[in-house]
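Asker: What follows is a single structure, and I will ask about it in a moment.
The values are calculated or read from the model by the stated rules, or taken from the named source; none is laboratory data. In this text the structure is predicted, and so the values were computed from the model without any measurement. Methodologically, a virtual Cβ is constructed for each residue, glycine included, from the backbone with ideal geometry; neighbour enumeration extends over all protein chains shown.
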Amino acid sequence: MEGGGRAGRGRSQHVLNCLYPKPNAIFKLICFPWAGSGSTYFANWGKKINDLVEVHAVRFAGRESRIQEPVVNDIYQLADEIIYALLPVIRDKSFAFLGHSFGAYVAFVTALRLKEQHRLEPQHLFLSSITAPYSEHRPTVPELDKVSLEDFKQFLVLCGGTPNHITNDLDLLKENMALLKKDLNILKNFIYDKPSGAVLSCDLTCLTGSEDIEKDVEDWKIVTSGTFDVHILPGHHFYIMEPANENFIHNYIVKSLEFTLLSGF
């Protein structure tokens, strides 16, 4: 048992990537990346965002320093793994979650589990480029086990959930295909019925691109008793990577967290 505990602690050290520690930061921002992605993009936000915010990017199993670890196929198990690593980071700190696409569902489920298991909630939940899991407009993930590389590419292009530099390069797509399939199967297996009332109390903001197929985000409103806001920014599914949009999001996050903190006094 003791050995298993040490192994668990060792794994948890790699779950969060904080490239730019800020000991004097007031807020912790936990970022959840999209399917098939590593932690680097969001971890680099720590250099760009206001020093009031320390950024931790989630590193899913099967990539970067966790490349030898098996990818789980259940989103709730994934959330519990993240929470185990997260608790020492967020104790006695104001924190927020931001998830993009696949990562938005993981952020949402992590927020639910955190509340259920530890009576903790993020101060703000930022969900990017994703419809509510119970929405009739939620894209359907097909059976992917035996799909050809070309058909897989067409599916990714259609749903818009993978960066162009991957879908435009068949060798790179082939290299990432197995990992993408595993992440997408987590989405396929994730079923969450429409709640009868709020399941969270934190503020919630939905962000999406004007040309993204994941534009119908109003259904998220019912999951929280906190404030709800929507921002539609120019661009497609990866609008978030455009410098002007990225800068807007950074500033919006800081202002939102400051406002919520001040309103509590």
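Asker: Across the stretch 19-38, what is the total count of residues that are surrounded by 19 or more Cβ atoms within 10 Å (Cβ to Cβ) and either farther than 19 Å from N245 by Cα or aromatic (F, W, Y) (or both)?
Answerer: Qualifying residue count, the stretch 19-38: 9.
Asker: May I ask you to list the residues in the stretch 107-142 that are of a type in the set (D, E, K, R) and in a loop (DSSP other than H, G, I, E, B)?
Answerer: Answer for the stretch 107-142, where residues must be of a type in the set (D, E, K, R) and in a loop (DSSP other than H, G, I, E, B): R119, E121, E136, R138.
Asker: Additional query: Going by the conditions given, is K93 out of contact with any strand residue (DSSP E or B) (no Cβ under 7 Å at 6 or more places or on another chain), farther than 26 Å from E175 by Cα and of a type outside the set (D, E)?
Answerer: When the stated conditions are applied, K93 does not pass them.
Asker: Only one of these is buried (at least 19 other Cβ atoms within 10 Å of the Cβ), among the hydroxyl-bearing types (S, T, Y) and in contact with a strand residue (DSSP E or B) (Cβ under 6 Å, 6 or more places away or on another chain): T208, T227. Name it.
Answerer: After ruling out the rest, the residue left standing is T208.
Asker: Could you tell me which residue of the stretch 143-161 is farthest from F102 (Cα to Cα), considering only residues that are in contact (Cβ under 8 Å) with a residue 40 or more places away in the chain and in a loop (DSSP other than H, G, I, E, B)?
Answerer: Among those residues, the one meeting the criterion is L144.
Asker: When the stretch 47-73 is examined, which residues are found to be at pLDDT below 95 and out of contact with any Pro (no Cβ under 9 Å at 6 or more places or on another chain)?
Answerer: R63, E64, S65, R66, I67, Q68, E69, P70, V71, V72, N73
Asker: Of all residues being in contact with a Leu (Cβ under 8 Å, 6 or more places away or on another chain) and modelled with pLDDT under 95 in the stretch 33-46, which is farthest from E121 (Cα to Cα)? Just the residue, please.
Answerer: Out of the qualifying residues, it is G36.
Asker: Within the stretch 37-55, track down each residue that is more than 13 Å from V106 (Cβ to Cβ) and not β-branched (V, I, T).
Answerer: Within the stretch 37-55, G38, Y41, A43, N44, W45, G46, K47, K48, N50, D51, L52, E54 meet the criteria.
Asker: Next up: Kindly provide the set of residues from the stretch 82-106 that are under 25 Å from T208 (Cβ atoms), assigned to a helix (DSSP H, G or I) and hydroxyl-bearing (S, T, Y), ordered by number.
Answerer: Y105
Asker: In the stretch 205-246, what residues are among the polar types (S, T, N, Q) and in contact (Cβ under 8 Å) with a residue 60 or more places away in the chain?
Answerer: Matches in the stretch 205-246: T205, T208, T224.
Asker: Please find, within the stretch 82-121, the residue that is surrounded by the most Cβ atoms within 10 Å (Cβ to Cβ) out of those that are basic (K, R) and touching a residue at least 24 places away in the same chain (Cβ under 8 Å).
Answerer: Checked the stretch 82-121; the qualifying residue surrounded by the most Cβ atoms within 10 Å (Cβ to Cβ) is R113.
Asker: Taking I232 and the conditions (1) of a type outside the set (K, R); (2) touching an Asp or Glu at 6+ places or on another chain (Cβ under 9 Å); (3) under 30 Å from Y76 (Cβ atoms), which numbered condition does it fall short on, given that it satisfies the others?
Answerer: All conditions pass for I232, except number (3).
Asker: Out of (1) surrounded by 22 or more Cβ atoms within 10 Å (Cβ to Cβ); (2) outside any loop (DSSP other than H, G, I, E, B); (3) in contact with a strand residue (DSSP E or B) (Cβ under 8 Å, 6 or more places away or on another chain), what's the single condition that is false for A79?
Answerer: With (1) surrounded by 22 or more Cβ atoms within 10 Å (Cβ to Cβ); (2) outside any loop (DSSP other than H, G, I, E, B); (3) in contact with a strand residue (DSSP E or B) (Cβ under 8 Å, 6 or more places away or on another chain) applied to A79, the lone miss is (3).
Asker: Right, something else. Output yes when any residue across the stretch 18-32 is among the polar types (S, T, N, Q), outside any helix (DSSP H, G or I), in contact with a His (Cβ under 9 Å, 6 or more places away or on another chain) and at pLDDT 90 or above, and no when none is.
Answerer: No, the stretch 18-32 has no match at all.
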